[in-house]
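Data block below; observations after.
Throughout, read-outs are computed from the coordinates displayed, never taken from laboratory work. It should be emphasised that the depicted structure is a prediction, and the values quoted were computed from it without experimental measurement. Because the Cβ atoms are built from the backbone with ideal geometry, glycine has one as well, and the counts that use them run over all protein chains shown.
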Amino acid sequence: MSGPTPDPARPPGDRTTRCLTCRHELPSHASYCPGCGTALAAAVRRIARETGVRGAWLDLRATVVFCAVYLLAAVVGAALREEDDQGAELAANALMSGVVAVWWARGGTSLAGLFRWSAPVGRWCAAAVAAAIGACIVNYVWHAALRAGTGLEIPREAPGEGPLATAIALRAVLPAIHEEIAFRGLMQTRLSKSLPKGDGTYVAAMLFAAIHFDLGSAPYLFGVGVLLAWFRRRSDSLLPCIVLHLSHNAAVLLWLAGPAAR
């Protein structure tokens, strides 16, 4: 081994390089620990084996904590939205955006590459608009069938008071950004590292459906979550996910604001 191995367990701010076995301070370019005599290359292989599973568990645990905090913020946000006021809607979005921003900063998950623009990403964004239109048709058919089959009146969130553009900003643009960063960015990225292949996608989709607190729409929202996850994987970008989410919500609001919904 050509140089000392950094210690992943050292306290924050401690720049001392220490042995991973006995924690003895290592001189520069050491090949063996002067404290325990461990060959550093062998120690690194052993620690990698021991921390592989533990690291995945810690990553999963951190993601579960984030999900719990985000769901709690969603509960508070839903209570704020009961006011049916654009100020309350803005406060709910600010709360959930704040939770995402804090966890993103503390978790150290790098998402910068998922926001880069390129020609392929542009084509995926165009496909996302088409997918949003198709999802809106499925949305209408699903809820029409649900009403016909159960006789229940499905509640609809009308744009409310104020300009339609403001409603679109508060109910389409802002939720599309912070929810996609939360679910397809932070959750899907971290869960995919901790769970078997594909499971992270479905867990994130279930949580996405759960934060909307709408039992009748939950199967549809789960399907939308899986669709968004597919766009995230295939495009390797969050931008098409945001475009799809934004387009879907905006189309629903425009339909609810039009005469056809009255």
Query raised in the report: Which whole-Hz ³J(HN,Hα) couplings does the range 223-228 yield from phi under the Karplus relation 6.51 cos²θ - 1.76 cosθ + 1.60, θ = phi - 60°, glycine and proline marked x?
Result: x, 5, x, 5, 4, 5
Query - Residue among Ala119, Met187, Leu246 farthest towards the positive dipole end of the range 93-252, charges placed on Cβ - result: Ala119
Query - Descending semi-axes in Å of the range 53-261, equivalent ellipsoid built from Cα gyration tensor - result: 27, 19, 18
Query raised in the report: Computed FRET efficiency, Cβ-Cβ of Ala112 and Trp230, R0 30 Å: what is it to the nearest 0.05?
Result: 0.85
**Report entry** Gained length - Val173 relative to Ala119, 0.36 nm times residue gap less alpha-carbon distance
**Finding:** 17.2 nm
Requested in this report: Among the trypsin sites (Lys or Arg not before Pro) in the range 158-207, which ones are in a DSSP loop with at most 15 other Cβ atoms within 10 Å of the Cβ? Mind listing them?
Outcome: Lys197
**Report entry** Mean-position separation - Cα centroids, the range 85-152 and the range 199-258, in angstrom
**Finding:** 5
Query raised in the report: Working out 0.36 nm times the residue gap between Ala105 and Leu164, then minus their Cα-Cα distance, what length gain in nm do you get to one decimal?
Result: 17.9 nm
Report summary line: Sparse-neighbourhood loop hits (chymotrypsin sites (Phe, Trp or Tyr not before Pro), the range 96-150; DSSP loop; Cβ within 10 Å at most 12 others) -> Trp117
Report task. First check a/c for the range 212-256, with a ≥ b ≥ c the square roots of the eigenvalues of its C-alpha gyration tensor; if it is under 1.5, answer rounded, and if not, answer prolate when a/b is larger than b/c or oblate otherwise. Result -> oblate
**Report entry** Neighbour-limited loop hits for chymotrypsin sites (Phe, Trp or Tyr not before Pro), the range 163-238 (at most 16 other Cβ within 10 Å; DSSP other than H, G, I, E, B)
**Finding:** Phe213
Query raised in the report: Under the definition of Cα pairs under 8 Å and six or more residues apart, what whole-number percent is the relative contact order of the range 53-261?
Result: 31
